[in-house]
Amino acid sequence: MASLLINVLAIKSTYSQENCQNVQTSIQIIDETGRRQFSGTSVDSLPDSPFKNYATTISQHISGKIDGMAQCHGDLKSSPEVKLFFVYRRLVTYTGALIEGPFNLERTQSNRTRYLDSPWVKLTFSRSPRLVVRAVFLWSERQFLLDQTLMSGIRASPTNSLLPIDYLIFEQFVKDYTDSVLFAPSQARPAALASISKRLPPEILWLFRHAFQSTRGPFSGQVEFALRSTVGLAASGYTELTKALIDKFFTSTRTEIRYESILDLKDLFTLDQYRVKNLY
């Protein structure tokens, strides 16, 4: 599978409050597609989109957490260091993209380091010799789809790789579904769906089944509309999910917190806030 060019835009800002150490916050917007849709020198310069709203809200939320923590620990010997990475990961990539691989968070090495590991947020926190926070916030279109798939009751492994799918492979998926399901007689569709479920990733099948089922035009157009609608409708709930994970991390005393599936969050977050019920 072709991998992706990573474009990193570094944005630095300083927050200061009375009786609080200066918090040096570095924000990096990472568009793994290499298409440079997200360009500029700040989060505010991003094009209006659910992703921009997400990055703005989450950067403010976690900065507030750090500011509050710095105020309560005036004994810090140096300014806290905070690095936030917002990663935009598309469902489909194109053959010929430069190979860089997915962005990964390097863990801070310290005996007092704490970790949050999840498909949505990866966060490390250490206090010695200075307060250091690293956080990666993943905006993965494929993860959006897998989460909806699991919340709909469909069984799927959350451990499968969710890297973008090569465009040519994705087009084969679309053609397979069109030929096998959409062109099948109505009475044969249940069997056709059962058969194709063994060939397609479950989150892709969920997307196809929620796209408008028509052969009057290219089905790929209906799929693209369904993807945009799913992300748009789920974006607000996804933001609240991310905030809940941040809050859990900063109130916990555990050394490591790990989640693998959206279903693991039932006791942390109201899943109905995130679930997409209807696209049309």
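Being assigned to a helix (DSSP H, G or I) and of a type in the set (Val, Ile, Thr) is the filter; apply it to region 176-220 and report the residue that is most open to solvent (accessible area, probe 1.4 Å).
Applying the filter and picking the extreme gives 178.
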Qualifying residue in region 55-71 (condition: within 24 Å of residue 256 (Cα to Cα), within 20 Å of the chain's Cα centre (by Cα) and at pLDDT below 90)
yes
Quick one: in region 90-143, which of the residues that are under 19 Å from residue 26 (Cα atoms), outside any strand (DSSP E or B) and open to solvent by less than 50 Å² (accessible area, probe 1.4 Å) is modelled with the highest pLDDT?
131
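From 269, 249, which residue is of a type outside the set (Gly, Ala, Ser) and part of a helix (DSSP H, G or I)?
Answer to the check: 249.
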Note on region 261-280: residues modelled with pLDDT under 95 and open to solvent by 80 Å² or more (accessible area, probe 1.4 Å) are 266, 267, 277, 278, 280
Scan region 253-266 for residues that are assigned to a loop (DSSP other than H, G, I, E, B) and either within 21 Å of residue 154 (Cα to Cα) or touching a residue at least 40 places away in the same chain (Cβ under 8 Å) (or both) and jot them down.
254, 255, 259, 260, 261, 266
On the basis of being in a helix (DSSP H, G or I), at pLDDT below 95, in contact with a Ser or Thr (Cβ under 9 Å, 6 or more places away or on another chain) and open to solvent by 50 Å² or more (accessible area, probe 1.4 Å), does residue 163 make the cut?
no
If I filter region 221-260 down to residues being at pLDDT below 95 and polar (S, T, N, Q), which single residue comes out as least open to solvent (accessible area, probe 1.4 Å)?
252
Does residue 170 fit the bill of being more than 19 Å from the chain's Cα centre (by Cα), within 22 Å of residue 232 (Cα to Cα) and not in a loop (DSSP other than H, G, I, E, B)?
yes
Please determine whether any residue of region 212-222 is in contact with a Ser or Thr (Cβ under 6 Å, 6 or more places away or on another chain) and hydrophobic (A, V, I, L, M, F, W, C).
yes
Unmet criterion (only one of (1) under 26 Å from residue 244 (Cα atoms); (2) surrounded by 13 or more Cβ atoms within 10 Å (Cβ to Cβ); (3) not polar (S, T, N, Q)) for residue 173
(1)
Residue tally, condition in contact with a Leu (Cβ under 9 Å, 6 or more places away or on another chain) and without any contact (Cβ under 8 Å) to a residue 60 or more places away in the chain, over region 212-239:
10
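Yes or no, residue by residue, for (1) of a type outside the set (A, V, I, L, M); (2) within 23 Å of the chain's Cα centre (by Cα); (3) under 30 Å from residue 54 (Cα atoms):
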residue: 174; (1), (2), (3): no, no, yes
residue: 180; (1), (2), (3): yes, no, no
residue: 185; (1), (2), (3): yes, no, no
residue: 195; (1), (2), (3): yes, no, no
residue: 209; (1), (2), (3): yes, yes, yes
residue: 213; (1), (2), (3): yes, no, no
residue: 217; (1), (2), (3): yes, no, no
residue: 222; (1), (2), (3): yes, yes, yes
residue: 225; (1), (2), (3): yes, yes, yes
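The values are calculated or read from the model by the stated rules, or taken from the named source; none is laboratory data. This structure is a prediction, so every number in the text was calculated from the model and none was measured. Please note: Cβ atoms are built from the backbone with ideal geometry, for glycine as well, and neighbour counts cover all protein chains shown. Please note that ligands, DNA and RNA were not included when accessible areas were found on the heavy atoms of the full protein model with its side chains. Shrake-Rupley method; radii C 1.70, N 1.55, O 1.52, S 1.80 Å.
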